[in-house]
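Data first, discussion second: the structure below is written as structure tokens.
The values are calculated or read from the model by the stated rules, or taken from the named source; none is laboratory data. Keep in mind that this is a model prediction, so the values were computed, not measured. Ideal geometry is used to build each Cβ from the backbone, glycine not excepted, and the neighbour counts take in all protein chains shown. With ligands, DNA and RNA removed, areas are computed over all heavy atoms of the protein, side chains included. Shrake-Rupley method; radii C 1.70, N 1.55, O 1.52, S 1.80 Å.
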Amino acid sequence: MRSHLFDKAHSQPGDGQRWSLQSHKMLQVRLGADVLASKGVMVAYRGQVRFTHEGAGSIGRLLKKVLTAENTPLMRVSGQGEVFLARLSEHVFTILLEGDGISVDGGHLLAFDGTVTWDIRRVQGAGLLGGGLFNLELTGHGTVALTCDGPPMLLDCAQPTFVDPQAVVAWSSSIVPRAVSSMNMRSVLRGGSGEAVQLAFHGPGFVVVQPSEGRPAQPGGRSTGGGGVLGDLFR
């Protein structure tokens with residue numbers, strides 16, 4: 001029996017690295033230290049691996065979940081072996097935090113090192129968006145894996161950068177975005193442009209954008225990729 005799949009099965013990408021991409025759409029994590037991952041993203045594993053529910057970890061974070069009507073379903077992955085993670089065939093990419101932080105739309109979170117600190121944050125200046133904007137802020141040292149609907153694009157925000165809220169994946173936590181409207185009365189009277197509100201980023205840092213405004217809602221579920229910006233952040 002022959003197949004090109006057998007060649008790939010014997011050549012493990014990443015040269016033994018802890019985090020490595022099996023393809024653009026699947027991530028391999030070699031365990032040792034624990035990993036926190038969104039529930040439901042494990043597609044396969046090898047070795048002695050345990051999956052346990054990860055709670056809020058503090059009264060403060062628990063209260064934020066309740067007050068924002070959001071839930072961040074995380075699981076702790078521990079043991080010895082390797083685990084393969086993916087979500088809806090979306091593109092996977094990683095960011096290495098080195099004492100800094102990123103603000104993430106929770107619907108794009110795949111996994112992160114257990115050494116990374118997380119919290120729910122209200123994004124200041126996003127009052128124009130229905131329901132406000134609550135994101136997951138990740139800080140410290142370690143790797144964060146994210147997914148998006150299509151290949152991600154990174155934009156430097158040294159000059160003012162405006163992004164459709166449904167296309168935002170993550171941004172440097174050092175930047176405070178503003179919600180701005182490009183609509184004027186003439187446009188409203190003529191039916192609008194369909195691009196009423198954008199998030200404005202300006203400062204030392206970056207924003208990651210997906211080439212999509214999100215997928216339609218799944219039967220019995222929520223929309224994927226970008227839907228979180230309007231309040232549907234945590235799956």
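To the nearest 10 square angstrom, what accessible area does residue 123 show with a 1.4 Å probe?
10
Can you give the accessible area of residue 178, probe radius 1.4 Å, in Å² rounded to 10?
Rounded to the nearest 10, that gives 130 Å².
Taking 0.36 nm per residue of sequence separation and subtracting the Cα-Cα distance, how much length would be gained by fully extending the chain between residue 162 and residue 122, in nm to one decimal?
Values: separation 40, 0.36 × 40 = 14.40 nm, distance 1.93 nm.
Value of the extension gain: 12.5 nm.
For residue 142, what charge total do you get from the other residues with a beta carbon under 13 Å from its beta carbon, if Lys and Arg give +1 and Asp and Glu give -1? List each step's numbers first, then the result.
Values: positive: 18; negative: 34, 98, 100, 113.
With Lys, Arg at +1 and Asp, Glu at -1, the net is -3.
Quote the FRET efficiency, to the nearest 0.05, computed for residue 115 versus residue 26 with a Förster distance R0 of 25 Å and r equal to the Cβ-Cβ distance. Before the final figure, lay out each step's value.
Numbers: r = 23 Å, r/R0 = 0.93.
E(calc), rounded to 0.05, equals 0.60.
If the chain between residue 181 and residue 43 were fully stretched, how many nm would it gain, using 0.36 nm times the residue separation less the Cα-Cα distance? Display every interim value, and only then the final one.
On the way: separation 138, 0.36 × 138 = 49.68 nm, distance 4.07 nm.
Stretched out fully, the residue 181 to residue 43 stretch lengthens by 45.6 nm.
Hey, if we sort 74, 21, 154 by accessible area with the 1.4 Å probe, largest down, what's the order? Could you put the intermediate results ahead of the total?
On the way: 74 0, 21 70, 154 115 Å².
I get 154, 21, 74, largest accessible area first.
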